[in-house]
Amino acid sequence: MLTAALPGLDLLATAVMLVDERARVMYVNPAAENLFEMGARQLKSHGVVEIFGGAERLVAAMAYARANACSYTEHDLELTLGARTALHLSCCVTPVDERQERALLLEFRPIDQRLKVDREERLLNQNLANRELIRNLAHEIKNPLGGIRGAAQLLQRELPRPQLAEYTQVIIDEADRLQALMDRLLTPHRLPQPRSFSVHEALERVRAVLRAETPEGLVIERDYDVSLPPIVADMEQIIQALLNIARNAVQAMQGRGTLTLKTRVARQAIIARRRHRHAARIEIIDTGPGIAESIRDKLFYPLVSGRDGGSGLGLSIAQTYINQHGGTIEFESRPGRTSFVIHLPIADATSNA
Ligand SMILES: Nc1ncnc2c1ncn2[C@@H]1O[C@H](COP(=O)(O)OP(=O)(O)O)[C@@H](O)[C@H]1O
Ligand SMILES: [Mg+2]
């Protein structure tokens, strides 16, 4: 029996349940008995649906985790047990396929513990939706633009007075300008070319570029965790993402201050909804004035810039690349200390189990 292999679960503070293929409870740990105020014997004689009266979201989460053979976290679960007031929980569902049993491990957490994860997931969904919207919009603008430009060109040839060509030329030039902008918004969809490399190698490249770009006055400190395993990713894209973030930091400090490049191994990290045994945590810290309050909420949107002559594409592109690799970017900022934290999964044979 599978549960015999998991005696350590009894000691966990997290409420854990193991259910079989038909969602019947096979095992509950003491933390789960406490949380649901029901004894193991009582819980074990029933199915999850029966115990929680419906629980469509939980059922859907279990179906998803099973269908995709991956961990899935439902962040907004309301479970009612009999006459008790509803419990507000998050639940991480993980398939634990042990040959004979297609079991699922359910980890329940009261809602406040998962606020951070919740926020992260909301942001991720929002970003995906925004990017999709921008891409669609750019496409929709590009198509008629070609028509407008072509028509202006035809018109230019037929004009009775050549001086009028000044106006058609404005149409053509402005159409070209818009076209170029739309092309930049439709970030190149080159497929990532993953290979194994050290994050430190990438950071050293970033450091070299920044050194070459900035005169004295800028101090670059390195705080590398030498035990950090290599990551499998498209190195050029990762360098580009890190460079975009670090370059902003240097610009914000106006070439004077301290830039810190820091790495750590993150263990049991939940990144973009998935649990990873190991992840690379890369932090880029500057001593500049901080991110302007007015743009914080939309910092990663394209065309959002806080400086003259900025394109506002740097962070949007960085985020696209990092997300494409299953990673996340977060930031924290106050005058004197701004930090961007990038998490990237480290491939691991069991990282999705
Ligand atoms: N480390 C930082 N410190 C202060 N402001 C920052 C920092 N990083 C980004 N920003 C702000 O975010 C804006 C958007 O950055 P980005 O997307 O790279 O576009 P751009 O650099 O072209 O303006 C910047 O213009 C700047 O105002
Ligand atoms: Mg920038």
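A few remarks follow.
- Residue match in the stretch 339-352 (condition: more than 16 Å from ligand 1 (Cβ to nearest atom), of a type in the set (Asp, Glu) and loosely packed, with under 15 Cβ neighbours inside 10 Å): yes
- Filtering Arg161, Arg177, Arg131, Arg184 for residues that are more than 30 Å from Leu18 (Cβ to Cβ), at pLDDT 90 or above and of a type outside the set (S, T, N, Q) leaves a single hit, Arg161.
- Residues within the stretch 221-233 that are of a type in the set (Asp, Glu), more than 16 Å from ligand 1 (Cβ to nearest atom) and assigned to a strand (DSSP E or B), tallied: 1
- Answer from Ala233, Ala266, Ala279 - the residue that is closer than 25 Å to Gln126 by Cβ and out of contact with any Pro (no Cβ under 7 Å at 6 or more places or on another chain): Ala266
- Candidate set from the stretch 307-320 (those that are surrounded by 20 or more Cβ atoms within 10 Å (Cβ to Cβ) and either small (Gly, Ala, Ser) or not assigned by TED's automatic domain parsing to the domain that holds Met235 (or both)); member that is nearest to ligand 2 (Cβ to nearest atom): Gly314
- Residue count for the stretch 212-235, restricted to those that are out of contact with any Asp or Glu (no Cβ under 9 Å at 6 or more places or on another chain) and surrounded by fewer than 12 Cβ atoms within 10 Å (Cβ to Cβ): 7.
- Any hit, the stretch 225-241, residues being among the polar types (S, T, N, Q) and within 21 Å of Gly314 (Cα to Cα): yes
- Condition met for Leu191 (away from ligand 2 (no atom under 16 Å from the Cβ), modelled with pLDDT under 95 and assigned to a loop (DSSP other than H, G, I, E, B)): yes
- The set of residues in the stretch 251-263 that are within 23 Å of Asp225 (Cβ to Cβ) and either within 10 Å of ligand 2 (Cβ to nearest atom) or surrounded by 17 or more Cβ atoms within 10 Å (Cβ to Cβ) (or both) comprises Leu259, Thr260, Leu261, Lys262, Thr263.
- Counting only residues that are modelled with pLDDT of 95 or more, of a type outside the set (Gly, Ala, Ser) and either at positive phi or more than 16 Å from ligand 2 (Cβ to nearest atom) (or both), the stretch 266-287 holds 5 of them.
- Candidate set from the stretch 321-334 (those that are surrounded by fewer than 19 Cβ atoms within 10 Å (Cβ to Cβ) and more than 10 Å from ligand 1 (Cβ to nearest atom)); member that is farthest from Arg131 (Cα to Cα): Arg334
- Taking the stretch 237-258 as the range and being polar (S, T, N, Q) and within 21 Å of Gly217 (Cβ to Cβ) as the test, the residues that pass are Asn248, Gln251, Gln254, Thr258.
- Restricting attention to the stretch 288-315, the residues that are free of Cβ contacts under 8 Å to residues at least 24 places away in the same chain, within 8 Å of ligand 1 (Cβ to nearest atom) and on the phi < 0 side of the Ramachandran plot total 6.
The values are calculated or read from the model by the stated rules, or taken from the named source; none is laboratory data. From a predicted model like this one, the values you see are computed outputs, not experimental measurements. All Cβ positions, even for glycine, are placed from backbone atoms using ideal geometry, and neighbour counts span all protein chains on display.
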